[in-house]
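> Mind having a look at this structure? Questions to follow.
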Protein chains: 2
Amino acid sequence: MCQCQVACIINVIENYMNRDHLLEQIRKKKSFLCVGLDADSQLLPDVVRQHADPVFAFNKAIIDATAAFAVAFKPNTAFYEARGADGWESLLRTIAYIKEQYPEVMVIADAKRGDIGNTSQLYARAFFEQMQADAVTVAPYMGFDSVAPFLGFKHKWVILLALTSNKGSSDFQYLTTDSQQPFYIEVVKKAIQWAHADQLMFVVGATHPAELAGIRQHAPDYFFLVPGVGAQGGDLAEVAHAGMNSTCGLLVNASRSIIFASSSEDFAEAAATEAQRLQLAMEELLQQKGIL
Amino acid sequence: MCQCQVACIINVIENYMNRDHLLEQIRKKKSFLCVGLDADSQLLPDVVRQHADPVFAFNKAIIDATAAFAVAFKPNTAFYEARGADGWESLLRTIAYIKEQYPEVMVIADAKRGDIGNTSQLYARAFFEQMQADAVTVAPYMGFDSVAPFLGFKHKWVILLALTSNKGSSDFQYLTTDSQQPFYIEVVKKAIQWAHADQLMFVVGATHPAELAGIRQHAPDYFFLVPGVGAQGGDLAEVAHAGMNSTCGLLVNASRSIIFASSSEDFAEAAATEAQRLQLAMEELLQQKGIL
């Protein structure tokens, strides 16, 4: 057994999701796909509504159908919070199920939290300890001491918002500072002083491929979590050409285009088909880059 | 009965928390105090631990003891999320209790949320509909379409982070833009184009009184929610001198210094004493300004 495989087994046993393990998964699955588990309870197919926890039943079917093609799952907490305590139960169940059945897949809690230090510490405990997520998305506005508590957890990841995929990203993220840099570059430049590429990633929207290339120059080794492919209109090949580094360095997320590919009984098969379509496109891009 | 009193009764009956009602409460209670319900479950006094929901029992006692001196209560969601689904139940119970017993007091969910439009919409529903909060704190980084869904709720408030009370505020909020303004001023200048002073407030930390005066120049009519008095070291009189406008325009928050004023059986009485001490200081400041 090679050293890499031993390290990988230790990581899985100890429930680590470190950089080596993530790179290993990307090569093994020939994929850098993250499936967004944005299980809007109003959009669930009728077939899952008979279950005691329809959202969990839906997620479970989606997870089973797509885990072979994905290296990460990303539930956005809003879709769970909207249902109060019941929603939190669905989220906890979903993450526990992934950890049990697919411990090799990274779990990203897309929460976009951030608060003063003692409060961020509580969020970090909620997501990393209680929920056992491997990574949390964090908003940068409140600065280092709002991010630091999340970085205090060994083998866990902070994914900091840099340039988001939505239209409103132009309101503040593109403002030019007096050092003639857009604000999102200032965020990246400062944050890479806070943590290495084995603990910090950045959110960079697929809708800005040119800017993605610019951010890659400032953060050559860091992973980027890239939302906005699919329903939001971002293009996978453009993203890969702009943002891929020599070991991949990308997690590309698709949510609605996969999980709501069909609203009929075949929703899980349709999700698998769409996830596999993206995986095959990613395989080709990884081959072109010489990573596979 | 004067017109103002009629309007006030209608507001309470219809569960509105509009600007007139808030100003009326400030004059009536001679206070602009917001009590932060940051009920860290590890810090609760022993006397509440026998209850089925110790956090709610604690909050209920604090609310009953301080409602006479406060115009707003502000639970920070982190302290509830840290306890998962049980924590959400405590939070829902707490807000329901305030709405039932003290409908004249504003409830601010300190959540610092913000996401792409369809996702922010879910957060807005969670806090405004499910939880019945009157206001939610929102992070500005993702721009207009991340804030707009919260503004779509009539008679509800967005409280946007402008200049926060923590040390990390210097990392990004103070960056100078090429129009020679600090970033937090750009946030204020843009956001006042999104909503009027009857639906939008700003978070401005008590630890920056000089900057508070600067923000007041840009947003003369808007309320500021001011955290950082008490445990974080901000000074109430300095805040009032820098930020008060002709109708008050301030909600000054204190959390730990009130709710954890004592860890013994007398915790509620100690909270009331500290809240009243702040209320009396506020009464004097309101009188000095000619508001009372």
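> Kindly check whether there is at least one residue in the stretch A:38-48 that is at pLDDT 95 or above, in a loop (DSSP other than H, G, I, E, B) and within 18 Å of A:E100 (Cβ to Cβ).
no
> For B:A78, indicate whether it is over 26 Å from B:Q279 (Cβ atoms), among the aliphatic types (A, V, I, L, M), at pLDDT 95 or above and under 19 Å from the mean Cα position of the chain (by Cα).
yes
> Follow-up. Hey, among the residues in the stretch B:244-292 that are acidic (D, E) and surrounded by fewer than 20 Cβ atoms within 10 Å (Cβ to Cβ), which one's nearest to the chain's Cα centre (by Cα)?
Per the stated criteria, the residue is B:E283.
> Would you point out the residue of the stretch B:113-123, among those that are buried (at least 24 other Cβ atoms within 10 Å of the Cβ) and more than 18 Å from B:V203 (Cα to Cα), that is farthest from the other protein chains (Cβ to nearest Cβ)? Show your work before the answer.
Taking the stretch B:113-123 as the starting set, the residues that turn out to be buried (at least 24 other Cβ atoms within 10 Å of the Cβ) are B:113-116, B:119-120, B:122-123.
With the extra rule that they be more than 18 Å from B:V203 (Cα to Cα), the set shrinks to B:115-116, B:119-120, B:122-123.
On the way: B:D115: 6, B:I116: 4, B:T119: 5, B:S120: 7, B:L122: 4, B:Y123: 5 Å.
Across the stretch B:113-123, the extreme among qualifying residues is B:S120.
Here's the yes/no breakdown for (1) out of contact with any Cys (no Cβ under 7 Å at 6 or more places or on another chain); (2) closer than 25 Å to B:D20 by Cβ; (3) not in a strand (DSSP E or B):
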position	(1), (2), (3)
B:A52	yes, no, yes
B:A67	yes, yes, yes
B:F79	yes, no, yes
B:D86	yes, no, yes
B:K112	yes, no, no
B:S120	yes, no, yes
B:F127	yes, yes, yes
B:T137	yes, yes, no
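> Conditions first: (1) in a helix (DSSP H, G or I); (2) in contact (Cβ under 8 Å) with a residue 24 or more places away in the chain; (3) within 14 Å of chain A (Cβ to nearest Cβ). B:A61 passes all but one, so which condition is the exception?
(3)
> Name, by its number, the condition in (1) under 19 Å from the mean Cα position of the chain (by Cα); (2) modelled with pLDDT of 95 or more; (3) more than 7 Å from every other protein chain (Cβ to nearest Cβ) that does not hold for B:H155.
(2)
> All but one of (1) crowded, with 17+ Cβ neighbours inside 10 Å; (2) farther than 15 Å from B:G36 by Cα; (3) small (G, A, S) hold for B:G228; which doesn't?
Evaluating B:G228 over (1) crowded, with 17+ Cβ neighbours inside 10 Å; (2) farther than 15 Å from B:G36 by Cα; (3) small (G, A, S) leaves (2) as the failure.
The values are calculated or read from the model by the stated rules, or taken from the named source; none is laboratory data. On a predicted model such as this, the values are computed, not experimentally measured, just so you know. Methodologically, a virtual Cβ is constructed for each residue, glycine included, from the backbone with ideal geometry; neighbour enumeration extends over all protein chains shown.
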